[in-house]
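S.K.: Please find one structure pasted underneath; my questions will follow.
The values are calculated or read from the model by the stated rules, or taken from the named source; none is laboratory data. Just so it is clear, the structure is predicted and the values come from calculations on it, not from any experiment. Neighbour counts are summed over all protein chains in view; Cβ atoms, including those assigned to glycine, are modelled from backbone coordinates with ideal geometry.
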Amino acid sequence: MKKPKAKQDDSVQRENVRRAQEAGKRQAATSARRSVDDDRNSRRFVPDRHVNNDPQGMQSHVSVPVPALIRRAFVFAVVIVGVGLVLYALIKNLASGLPIPLPLALSSQRAEETPTSAPPAQRIGIVSGHKGNDSGSVCQDGLTEAQVNYDIAVRVATMLRSQGYTVDILDEFDARLKGYHAALLLSVHADSCTYVNDLATGFKVARVLDSKIPQEEDRLVACLTTRYMASTGLRFHQNTVTFDMTKYHAFYEIDERTPGAIIETGFLYLDRQVLTQKPQLVAQGIYDGLICFLNNQQGMRSRENPKSS
Ligand SMILES: [Zn+2]
């Protein structure tokens, strides 16, 4: 008897479950429609709301992949934009030569504009003969003395700077010459490019005629003479130290305490090969002479000194 009753109970139960399921489906469908209407009314797109408000997963087959795809696409786009920005910043920096921060750039610019910041003992002035004024001697092929002088001046300056000196390369009539106070001032010139005779070869070094510090300036001249001769192999052209050299204008502009000298590195005509083909030997000779003086060394004996007075 238990069995038929159980069967009857079962069929009643199945009917109840079927009704309950149908009611549930209707309710779920209504709530899903309401949810969609809510979204349309609020005009907001919240991808996950459809999934959460769908109790029986009726819409899940359609709605779940779409928000997931959009979310992935969004993350992908953010990553792409981020990488793009980083690359752009890198390329921009490289293209502009890794720019120095502005305060640094300004301070280094100021240092070049105000050369008086280094103490006189660490400062060296080199007048690049004729620079900023005229060409000096001119060769037939157009080579000028000013070009040769400047090439040598720059080489000497580079060597001195590598030893920690502050070097000013000055124009022939540089405004900075007035009252110039430094460890020394050297003016670099070269002689004529016109053929005079076979004796027009060699270099000359001189100091100002009426020196206030003759001992120091004689030592500067002696140091330059011996070291330059040793480096270049050129001979000292003793008899042609001219009034232009001993009354050289810059000597009367600089501070009296600044030892000054002028060098004629050679004749552009007969000594052209060494002046233009071996400029490093020329620069080395001048550099050695200046270091000799700066290190308080002696040049040659006085009997060998050029007669500058
Ligand atoms: Zn000259």
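S.K.: Looking only at the stretch 261-309, which residues are modelled with pLDDT of 95 or more, among the acidic types (D, E) and over 14 Å from D191 (Cβ atoms)?
M.R.: Correct list: D288 only.
S.K.: From the list D244, D218, which one is part of a helix (DSSP H, G or I) and under 22 Å from L160 (Cβ atoms)?
M.R.: From the options D244, D218, the qualifying one is D218.
S.K.: Starting from the stretch 220-237, keep only residues that are assigned by TED's automatic domain parsing to the domain that holds R207, then list their pairs with residues that are of a type in the set (V, I, T) and assigned to a helix (DSSP H, G or I) whose Cβ atoms are within a distance under 7 Å, requiring at least 6 positions of separation or different chains.
M.R.: Pairs found: L224/I286; Y228/I286; T232/V274; T232/V282; L234/V274; F236/T225.
S.K.: On to the next question. With the requirement that a residue be among the charged types (D, E, K, R), surrounded by fewer than 19 Cβ atoms within 10 Å (Cβ to Cβ) and under 18 Å from I291 (Cβ atoms), what does the stretch 144-172 give you?
M.R.: Residues satisfying the conditions are R155, R161.
S.K.: Pick from the stretch 128-143 the residues that are crowded, with 17+ Cβ neighbours inside 10 Å and near the ligand (Cβ under 10 Å from one of its atoms): which of them is farthest from the chain's Cα centre (by Cα)?
M.R.: Checking each candidate, the answer is S137.
S.K.: Got a sec? Which strands (runs of 3 or more DSSP E) wholly within the stretch 163-206 have at least 1 residues that are under 29 Å from the mean Cα position of the chain (by Cα), within 16 Å of the ligand (Cβ to nearest atom) and farther than 19 Å from D218 by Cα?
M.R.: 166-170
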